[in-house]
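Contents: one structure, followed by commentary.
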Amino acid sequence: MARLIYGANDAYEFDERTLAHLKIAMTAKLRVRESFLLNWVVPSEKGSGRMSLWISPEVPLVFVFHGSKPPQLNKVWVDALARSAHGIRGMTVMPEAEAESYLRAAGSPAAP
């Protein structure tokens, strides 16, 4: 598992591949100094429910990966994550398999 560390002490676990894609989508927003809401479902083995973080360029953000080799990125998944940040719910962590259908439903052509 990889970790997203937000602020001084708050750490959140994601699988390595998901966090690699989130890193690209999130840093694209932060690079242009845009704040946004990040949302995900908490799995039942971690207590269930939903989590939301207000992500701001002013708060320290660290991505911690255990693997030494970054995964090959899926541009469609990155585009879907980034596009979701523009909706009223904010950036929503979604499974890779749902990215293309999300983009189609949002009226955006899937990336090549």
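The values are calculated or read from the model by the stated rules, or taken from the named source; none is laboratory data. Model, not experiment: these values are computed from the prediction. Cβ: placed from backbone, ideal geometry, glycine included. Neighbour counts: every protein chain shown. Just the protein is used for accessible areas: all its heavy atoms, side chains included, with ligands, DNA and RNA removed. Shrake-Rupley method; radii C 1.70, N 1.55, O 1.52, S 1.80 Å.
Filter the range 21-43 down to residues that are of a type in the set (Ser, Thr, Tyr) and either part of a loop (DSSP other than H, G, I, E, B) or surrounded by 14 or more Cβ atoms within 10 Å (Cβ to Cβ) (or both), then give me how many there are. Total meeting the criteria: 1.
Arg89 satisfies every condition listed in (1) touching a strand residue (DSSP E or B) at 6+ places or on another chain (Cβ under 8 Å); (2) in contact (Cβ under 8 Å) with a residue 24 or more places away in the chain; (3) open to solvent by less than 50 Å² (accessible area, probe 1.4 Å) except (3). Close contacts from the range 38-60, counting a first residue that is more than 15 Å from Lys23 (Cα to Cα) and in contact (Cβ under 8 Å) with a residue 40 or more places away in the chain and a second that is loosely packed, with under 10 Cβ neighbours inside 10 Å and not aliphatic (A, V, I, L, M), with Cβ to Cβ under 7 Å and a gap of 6+ residues or different chains, come to Val41/Arg50. Evaluate the range 55-62: report whether one residue or more is touching a strand residue (DSSP E or B) at 6+ places or on another chain (Cβ under 9 Å) and closer than 25 Å to Ala106 by Cβ. Yes, there is a match, as at least one residue in the range 55-62 is touching a strand residue (DSSP E or B) at 6+ places or on another chain (Cβ under 9 Å) and closer than 25 Å to Ala106 by Cβ. Taken over the range 89-105, the residue count meeting the criterion of being closer than 11 Å to Val78 by Cα and acidic (Asp, Glu) is 2. Of everything in the range 90-105, what is under 9 Å from Ala80 (Cα atoms) and part of a loop (DSSP other than H, G, I, E, B)? Give them in sequence order. Selection gives Met94 alone.
Checking Lys69, Lys46, Lys75 one by one, the residue that is open to solvent by 80 Å² or more (accessible area, probe 1.4 Å), of a type in the set (Lys, Arg), at pLDDT 95 or above and more than 11 Å from the chain's Cα centre (by Cα) is Lys75 and no other. Residue-level check: of (1) aromatic (Phe, Trp, Tyr); (2) in contact with an Asp or Glu (Cβ under 8 Å, 6 or more places away or on another chain); (3) not in a helix (DSSP H, G or I), Phe63 misses just (2).
Screening Ala80 on (1) touching a residue at least 12 places away in the same chain (Cβ under 8 Å); (2) open to solvent by 40 Å² or more (accessible area, probe 1.4 Å) shows it passes everything except condition (2). Scanning the range 1-20 for residues that are in a loop (DSSP other than H, G, I, E, B) and either open to solvent by less than 20 Å² (accessible area, probe 1.4 Å) or not polar (S, T, N, Q) (or both) gives Met1, Gly7, Ala8, Asp15.
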